[in-house]
Amino acid sequence: MRKGRVDKENYYLNIAETVLERSTCLRRNYGAIIVQQDEVIATGYNGAPRGRQNCIDLGRCTREELQIPSGQRYELCRSVHAEANAIISAARSEMMGATLYLTGRNAQTGELLSDTTCCSMCRRLVINAGIKKVVVRNTPTDYSVVHVEDWIRLDDTVPEEAGAK
């Protein structure tokens, strides 16, 4: 017997979930899709730049070996983030006002990452791409919606005392 119809946000998050299966990271797997007017215009997952060996092929992760916490020292990571790969694959004119859907899983356990978010570098890319909102999966059916305008207004690159002037 068929259950109720899945809502649009979870439909697109399910597609992003399938995209993350291509991820080549040993720590975290992410999938992203960009949707404009109910049409998927680009997909992306985290993995090494084209032509370079992936961490799963090398069997090692520099950030893991150095015990670098999640969210820090991205310059040591081989991967291009899922959001960045999706943005690279679409024309800016198609992304203006679009929605980016993002989901993540622990690469070792397959457990859904309930704290998935765009890093500060990807936030800048999302802003410049003209994307309007980001929908992030928190549980198999629950999600958060982030309005990109909030990232612009609450600039995380300006020290608090400088932003308070």
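We did not get these values from a lab; they are worked out from the coordinates using the rules stated. Just so you know, these numbers come straight off a predicted model, no measurement behind them. Reconstructed Cβ throughout: ideal geometry from the backbone, glycine too, with neighbour counts over all protein chains shown.
For the chain, what is the charge dipole size about the Cα centre, in debye to the nearest 20, if Lys and Arg each add +1 at the Cβ and Asp and Glu each add -1 at the Cβ? Could the numbers behind the result be given before it?
On the way: 22 positive and 21 negative charges, 78 e Å.
Using only the charged Cβ atoms, the result is roughly 380 debye.
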Quiz item: Which one of Tyr101, Ile127, Val40 is farthest out on the positive end of the charge dipole of the chain, using unit charges on Cβ (Lys, Arg +1; Asp, Glu -1) and the Cα centre as origin?
Solution: Val40
Exercise. Would you grab the residues whose amide H sits under 5 Å from the one on Asn138? Only those 5+ places off in sequence or on another chain, please, with H modelled 1.01 Å from N.
Key: Tyr143, Ser144
Practice problem: Place a label point 7 angstrom from the Cα of Ile56 along the Cα-to-Cβ direction, then list the residues of region 104-130 whose backbone nitrogen is under 11 Å away. | Solution: 107-108
Quiz item: So what is the calculated 222 nm ellipticity per residue for the chain, using -39500 (n - 2.57) for each DSSP H run with n of 4 or more, over all residues, to the nearest 500 deg cm²/dmol?
Solution: -7500 deg cm²/dmol
Quiz item: Looking at the chain, what % of the alpha carbon pairs are farther apart than 24 Å?
Solution: 36 percent
Exercise. Tell me, rounded to the nearest percent, the portion of alpha carbon pairs in region 18-106 spaced more than 23 Å apart.
Key: 26 percent
Self-check item: Furthest towards positive pole of dipole, Thr117, Gln53, Asn10, structure part the chain, Cβ charges
Solution: Gln53
Quiz item: Out of residues 5 or more away from Leu113 or on other chains, whose amide H comes under 5 Å of its own, with H placed 1.01 Å from N in the peptide plane?
Solution: Gly104, Arg105, Asn106
Practice problem: Give the peptides 111-120, 67-76 in descending order of average Cβ contacts within 10 Å, highest first. | Solution: 111-120, 67-76
Practice problem: May I ask for the distance between the Cα centers of region 13-29 and region 79-93, given as a whole number of Å? | Solution: 14 Å
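What order, most packed first, do the peptides 55-63, 131-139 have when packing is the mean number of other Cβ atoms within 10 Å of each residue? Please report the intermediate quantities before stating the final value.
Numbers: 55-63: 14.9, 131-139: 19.6.
In decreasing order of mean packing, 55-63, 131-139 become 131-139, 55-63.
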Quiz item: To the nearest 20 debye, what charge dipole does region 79-165 have about its Cα centre, counting +1 at the Cβ of each Lys and Arg and -1 at the Cβ of each Asp and Glu?
Solution: 280 debye
Self-check item: Among beta bridges that DSSP assigns inside the chain, antiparallel share in %, nearest 5
Solution: 85 percent
Quiz item: So which cysteines of the chain have no other cysteine's Cβ under 4.7 Å from theirs?
Solution: Cys25, Cys55, Cys61, Cys77, Cys119
